[in-house]
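Please read the structure below before turning to the comments.
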Amino acid sequence: MDAGLEGRAPSVVQGATYERLAKARAEPQNWLTYYGAYDGQRYSALDQIHSGNVKDLAVAWVFQHPPLGLVSTPVTYAFEATPIVVDGVLFMTGPDGYVWALDAANGKLLWQYHHAIPLDVPLCCGNVNRGVAVAEGKVFFVNVTGRLIALDATTGQPVWDKLFVDVRAGESATLAPLAVKDKVLVGSSGGEYGVRGHLDAFEINTGRHLWRRYTVPKPGEPGSKTWAGDAWARGGGTAWITGTYDADLDLVFWGTGNPGPDFDGSMRPGDNLYTNSVLALNPDDGSLQWHYQWTPHDVWDYDGVNENILFDQEGRMYLAHFDKNGYLFILDRMTGGFVSAIPFAAPLGEISIATPEKSVYSGRPRPQGRTSARVRPARRNGRMRLTAPEPGCPIPRWWSSAASSNPRPPNSARACRIGAARWRTAASPNRASS
Amino acid sequence: MSTPLFWRGVLMTPTLQFIALAVLAPVLTGCSYAGLVRPSVLKELNPRVAALVNELPNVDHPNNHLVAKIYALGGLSHAKAGRDGVMRAGIRVPKDQYIWEPAFIVMPHAGELELEFDNRDQAIHMAFLPSNGGRQLLYLPVHRRGTARITLDQPGLYWFGCPVANHAGRGMLGFIWVYGETPKEARLDRPPQPQPESD
Ligand SMILES: [Cu+2]
């Protein structure tokens, strides 16, 4: 298995300082962060490949790693990682605790690290991993049992290792960490297992734990009135996708997932902050500067963790977010103020959108009449139909409540008239799993 | 009350006859069987389990019903921690059985485990083992011994096996159970939650 293993990579990550990561766009030959740059745009300035020659692309090399022996949830064993490239070395994770350094030119394995994963780890969704972060000579990754592990980027040997989730509570971890300044940030997975989502920050060189920010407030904390009883303790809101960062504002923007339990809102009346939200956090202490909730009281598992893309226009600083509830949201990223919400796919229900005139949560006026997402379950042949109260919209069957059947995407994503825009899309729903 | 009466009384109650048998059992049959009279084991004596156990001897003769041996046949052993903190256990490969003996190793907590393998078989075997950093492969030629040291830092269930010619499928699949709790600093800040199957 280790045949041909060099055991060593060129020490390219030594020079991956914060200053360089902050200007990652200036190095189009590299891909230094999860999104290519802190702003989440995933834009490459390379122009060698274009619409005229893309058809001529051919495979240069393949690196394959099949599952070995028994693995947890083999049916979901899949590659979901974004490769990180630093000066000719490609860093990549696989499912089940694997990390590789490859020669980007020929795919040759330079080093491999594998963290032993127990078979009985509770995986709510998938045995997957979304990749590494690099900084200061180290490669950071999480394994599914929730360890943040710092490897020496040259040798692949562990430098430090910190546990930040509790598998006994149903938590796991799958995201690519985010290295910001002298910190590395991670978030938890397991939103379908009755957990309480959180983000954690560690010191890059020592692994010292700096702060934890829960995404669901406990009684007495701001936002706690959007929960009833003790539902907050299993409220979900896991932070399983890497955040984006604005160095000028010194704010990290992090998405949170669905509330728990996901399809049944009866046990958690209220807006369920801060699930399905974006949190703007101070990376130094994790303090919450502002938030915006894409789907209050989600009963569709919209899981609003998707990236928050930062862009500027006419001197204003914006944040864009395509949510699984079918809307593209634009916010002012300094204040979290609402700018617009444009439907780009058939919404599966009536969403209460917070605008300057109406808000679903304190600080701004309440909306007139409460229009939180509703579900009208109609059982037919053991399946639950989730119906959209919006007249004229398609009524897609989403997930079946029958455990044995596969997730069902909408039959078709037909155009649906809401607001000004009318869009048609053939996009399939995001099957990525937390 | 007199002593003879007392003893006569004891021997006349079926419950205490049972206890006497339980005390005698280890002397007669070896210590492992004594555990079978524990309440937790007796509680499991339901028809489903009895039917399973009755079937096991039938399937465990290669070429009778199956080619494979039963994975659990090699039994269980607890690794013992040495003065250096390293836990140790031995595993044999008996002749013509295609099993690990024991097949289950219990680590009382996460850490380093040294496994000494003894291949008493006339076939070549290998031990493919889980460990942080990378899996380990220990070559076990005929009638040879070998030692592997592995590190497991997370409580849970791990597997090991012989990758030679599907020996794992024939019975050479073993398990390592690492006991332990999640450290306090990694637990969620919330009231204790009910756990499935917990008492
Ligand atoms: Cu073998």
What figure, in Å² to the nearest 10, do you get for the accessible area of B:Glu185 with a 1.4 Å probe and non-protein molecules left out? 140
The Cα extents of the stretch B:124-163 along the principal axes, largest first and rounded to whole Å, are 33, 15, 14
Run the simple label-point estimate for B:His109 and A:His50 please: 7 Å along Cα→C-beta, distance reported in nm. 6.4
Spatially proximal aspartates and glutamates relative to B:Lys43 (Cα-Cα < 18 Å; intrachain offsets below 8 disregarded): B:Glu197, B:Asp199
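Using a 1.4 Å probe, what is the accessible area per residue for the stretch B:44-182, in Å²? Walk me through the numbers before you get to the answer.
Working: 6920 Å² over 139 residues.
Result: 50 Å² per residue.
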In nm, give the distance between the simple-model label positions of A:Gln29 and B:Tyr139, each being 7 Å from the Cα along the Cα-to-Cβ direction. 4.2
Given a 1.4 Å probe, show me the residues in the stretch A:205-245 buried by at least 10 Å² of accessible surface when comparing the whole protein assembly to the chain alone. A:Arg212, A:Tyr214, A:Lys218, A:Trp232, A:Ala233, A:Arg234
Give a residue-ordered list of calculated ³J(HN,Hα) values for the stretch A:322-335 (Karplus: 6.51 cos²θ - 1.76 cosθ + 1.60, θ = phi - 60°; whole Hz; x for Gly, Pro). 8, 9, 6, 7, x, 10, 8, 9, 10, 10, 6, 7, 6, 10
Expressed as a whole number of Å, what is the distance separating the alpha-carbon centroids of the stretch A:125-181 and the stretch A:95-112? 16
For B:Lys184, give me every one of the lysines with a C-alpha distance below 18 angstrom, ignoring sequence neighbours fewer than eight places off in its own chain. A:Lys162
Carbon and sulfur: what percent of the stretch B:44-182's accessible surface (1.4 Å probe)? 55
Taking the Cα-to-Cβ direction at B:Arg187 and at B:Lys43 and moving 7 Å from each Cα, how far apart do the two end points lie in nm? 2.2
Determine the gain in length on full extension of the stretch A:Val59-A:Asp264; use 0.36 nm per residue of separation and subtract their C-alpha separation, reporting nm with one decimal. 69.2 nm
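List the accessible area buried at the contact between A and B, summed over both sides and calculated with a 1.4 Å probe, in Å² to the nearest 100. Intermediate results must be reported in sequence, preceding the final value.
Working: alone 19050 and 13540 Å², together 30010 Å².
Buried: approximately 2600 Å² between B and A.
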What share of all Cα pairs of the stretch A:33-92, in percent, falls into each consecutive 5 Å distance bin? 4, 11, 14, 19, 20, 16, 9, 5, 2
Going 7 Å from the Cα of A:Thr206 in the Cα-to-Cβ direction, what parts of the stretch A:121-139 have a backbone nitrogen less than 20 Å from that spot? A:135-139
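For the stretch A:63-173, which whole-number percentage of the solvent-accessible area (1.4 Å probe, protein heavy atoms only) is attributable to carbon and sulfur atoms? The partial results should precede the final answer.
Working: 1620 of 3030 Å².
Roughly 53 percent, rounded to a whole number.
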Quick one: which bits of the stretch B:143-166 get at least 30 Å² less accessible when the partner protein chains are in, versus the chain alone, with a 1.4 Å probe? B:Asp153, B:Gln154, B:Leu157, B:Tyr158, B:Trp159
Set A:Lys23/A:Lys55; A:Lys181/A:Lys324; B:Lys69/B:Lys95; A:Lys23/A:Lys138, cut-off 25 Å on Cα-Cα distance; pairs above it are A:Lys23/A:Lys55; A:Lys181/A:Lys324
Any residue on another chain or 5+ positions along whose placed amide H is under 5 Å from the amide H of A:Thr174 is listed here as A:Ser189
Using a 1.4 Å probe on the heavy atoms of the protein chains only, list every residue of the stretch A:81-124 that has 50 Å² or more less accessible area in the complete assembly than in its chain alone. A:His114, A:Ala116, A:Pro118, A:Leu119
Give the shape of the stretch B:44-182 as rounded, prolate or oblate, defined through the alpha-carbon gyration tensor: a ≥ b ≥ c are the square roots of its eigenvalues, a/c under 1.5 means rounded, and otherwise the shape is prolate if a/b is larger than b/c and oblate if not. oblate
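Per residue, how much accessible area does the stretch A:18-72 show when a 1.4 Å probe rolls over the protein heavy atoms, in square angstrom? Present the calculation step by step, with values, prior to reporting the outcome.
Working: 3620 Å² over 55 residues.
On a per-residue basis, the stretch A:18-72 sits at 66 Å².
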Burial ranking of peptide ranges B:77-84, A:185-192, A:128-135, A:212-219 (average Cβ count within 10 Å, highest at the top): A:185-192, A:128-135, A:212-219, B:77-84
Segment B:His78-B:Ala51, extension gain: residue separation times 0.36 nm, minus the distance between their alpha carbons: 6.9 nm
Please give the direction-averaged projected area of the C-alpha convex hull for the stretch A:1-137, in square nanometres with one decimal. 10.0
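For the stretch B:77-162, give the share of DSSP beta bridges that are antiparallel, in percent and rounded to the nearest 5; count only bridges with both residues there.
In the stretch B:77-162, DSSP labels about 65 percent of beta bridges as antiparallel.
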Give a residue-ordered list of calculated ³J(HN,Hα) values for the stretch B:41-48 (Karplus: 6.51 cos²θ - 1.76 cosθ + 1.60, θ = phi - 60°; whole Hz; x for Gly, Pro). 7, 4, 4, 7, 6, 9, x, 4
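The values are calculated or read from the model by the stated rules, or taken from the named source; none is laboratory data. Because the structure is a prediction, the values reported are computed rather than measured. When we count neighbours, we look across all protein chains shown, and the Cβ atoms used for this are built from the backbone with ideal geometry, even at glycine. In case anyone asks, the SASA skips ligands and DNA or RNA and just uses the protein heavy atoms, side chains included. Shrake-Rupley method; radii C 1.70, N 1.55, O 1.52, S 1.80 Å.
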